[in-house]
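> I'd like to ask some things about the structure below.
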Amino acid sequence: MKKQPTQPVSIISLGGSLIVPDEIDVTFLKKFRQLILSFVRQGQRFVIITGGGKTNKRYNEAARKLATVKAVDLDWIGIATTKVHAHLLRSIFGAYANTTLIDNPEKPPKMLRPILLGGGYVPGHSTDMDAVQMAIALGATRILNLSDIPYVYTKDPKKYKDAKALGQVNWKEYRKIIPKKWTPRLSSPFDPRASALAQKHGLEVDILQGKRLEQVKLALQGKAFHGTRIFT
């Protein structure tokens, strides 16, 4: 991976699988907080969009067992879980974070403090899409997508032993690898609709395994990292 320039506002899409892999990962969140604050003290600002992960999955599964639930209502449950996670992070960042969450990623609030948190927005959107919309609104050129996925692969590594990890890939080739259509709760390194919008606006998305915080640090510093760079 070649060295990338840093930017004054870093957009991070933080997967719910990192926040709540099974139980709330207090150890990870403590280290993540320390890392982000180390950059804040250097004058950097952050927008962090949180995913729903297993919290979303558990509530959705319970709803389906209890009644015939509309897809849009499952989406609203998912959005609520992402906001619970965003409130958790807002709380642990304390005085460094804006006191309110992002309501509409296309019209973000002023960054009165160096960290701005948000979760899901409306049904039919993933948090990947929210992160892209925030990047466009704030003039950022890059998104760090942190999840439990270390790389983009040529095909699903869980199904195919010959799947190859990609250090970098352009949007055209990346979009050939992933499903063509976005559906709620789709498992994909970066969702199809968000990818199309990111490509249209010339954004870069870096895919990293979030628990490898030493690699996240390198990416935030604009240095080479282990992961996948998706670019125009």
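The values are calculated or read from the model by the stated rules, or taken from the named source; none is laboratory data. Computed from a predicted model, the values in this text were never measured in an experiment. When we count neighbours, we look across all protein chains shown, and the Cβ atoms used for this are built from the backbone with ideal geometry, even at glycine. Protein only, heavy atoms only, side chains kept; ligands, DNA and RNA dropped before computing areas. Shrake-Rupley method; radii C 1.70, N 1.55, O 1.52, S 1.80 Å.
> Within segment 26-66, can you find the residues that are over 19 Å from the mean Cα position of the chain (by Cα) and at positive phi?
Matches in segment 26-66: Gly43 only.
> OK, next. Just to be sure, is Leu35 closer than 20 Å to Pro150 by Cβ, at pLDDT 95 or above, touching a strand residue (DSSP E or B) at 6+ places or on another chain (Cβ under 8 Å) and not in a loop (DSSP other than H, G, I, E, B)?
Numbers: closer than 20 Å to Pro150 by Cβ: yes; at pLDDT 95 or above: yes; touching a strand residue (DSSP E or B) at 6+ places or on another chain (Cβ under 8 Å): no; not in a loop (DSSP other than H, G, I, E, B): yes.
Criteria not met by Leu35.
> Is there a residue being touching a residue at least 60 places away in the same chain (Cβ under 8 Å) and acidic (Asp, Glu) anywhere in segment 169-182?
Checked segment 169-182: no residue is touching a residue at least 60 places away in the same chain (Cβ under 8 Å) and acidic (Asp, Glu).
> Now for a different question. Only one of these conditions is not met by Gly94: (1) at pLDDT below 95; (2) out of contact with any helix residue (DSSP H, G or I) (no Cβ under 8 Å at 6 or more places or on another chain). Which number is it?
In the conditions (1) at pLDDT below 95; (2) out of contact with any helix residue (DSSP H, G or I) (no Cβ under 8 Å at 6 or more places or on another chain), Gly94 misses (1) alone.
> For segment 51-61, give me each residue that is open to solvent by 40 Å² or more (accessible area, probe 1.4 Å) and either assigned to a loop (DSSP other than H, G, I, E, B) or free of Cβ contacts under 8 Å to residues at least 12 places away in the same chain (or both).
The initial filter retains those residues of segment 51-61 that are open to solvent by 40 Å² or more (accessible area, probe 1.4 Å), namely 54, 57-59, 61.
Passing the criteria: Arg58, Glu61.
> List the residue pairs whose Cβ atoms are under 6 Å apart, where the first residue sits in segment 215-232 and is closer than 17 Å to Asp128 by Cβ, the second is of a type in the set (Ser, Thr, Tyr), and the two are 6 or more positions apart or on different chains.
Filtered contacts from segment 215-232: Thr228/Tyr151; Ile230/Tyr174.
> Just a yes or no: is a residue in segment 64-73 within 21 Å of Leu213 (Cα to Cα) and assigned to a helix (DSSP H, G or I)?
In the first step, residues of segment 64-73 are kept if they are within 21 Å of Leu213 (Cα to Cα); the result is none.
No: zero hits.
> In the set Ile19, Ile48, which member is in contact with a His (Cβ under 6 Å, 6 or more places away or on another chain), crowded, with 16+ Cβ neighbours inside 10 Å and either within 18 Å of Arg212 (Cα to Cα) or in contact (Cβ under 8 Å) with a residue 40 or more places away in the chain (or both)? It would help to see each step written out before you state the result.
Details: Ile48 fails: in contact with a His (Cβ under 6 Å, 6 or more places away or on another chain).
The unique qualifying residue is Ile19.
> For segment 87-103, which positions are surrounded by 14 or more Cβ atoms within 10 Å (Cβ to Cβ), out of contact with any Ser or Thr (no Cβ under 9 Å at 6 or more places or on another chain) and outside any helix (DSSP H, G or I)?
Asn98, Leu101, Ile102
> Same structure again: Do you know which residues across segment 1-16 are at pLDDT below 95 and among the hydroxyl-bearing types (Ser, Thr, Tyr)?
Listed by number, the list holds a single entry, Thr6.
> Determine whether segment 70-86 contains at least one residue that is surrounded by fewer than 20 Cβ atoms within 10 Å (Cβ to Cβ), of a type in the set (Phe, Trp, Tyr) and either under 15 Å from the mean Cα position of the chain (by Cα) or modelled with pLDDT of 95 or more (or both).
So far as segment 70-86 goes, yes, one or more of its residues are surrounded by fewer than 20 Cβ atoms within 10 Å (Cβ to Cβ), of a type in the set (Phe, Trp, Tyr) and either under 15 Å from the mean Cα position of the chain (by Cα) or modelled with pLDDT of 95 or more (or both).
> Could you tell me whether any residue of segment 34-45 is aromatic (Phe, Trp, Tyr), buried (at least 20 other Cβ atoms within 10 Å of the Cβ) and within 19 Å of Gly210 (Cβ to Cβ)?
The first filter runs over segment 34-45 and keeps only residues aromatic (Phe, Trp, Tyr), leaving 39.
Retained after the next criterion (residues that are buried (at least 20 other Cβ atoms within 10 Å of the Cβ)): none.
No.
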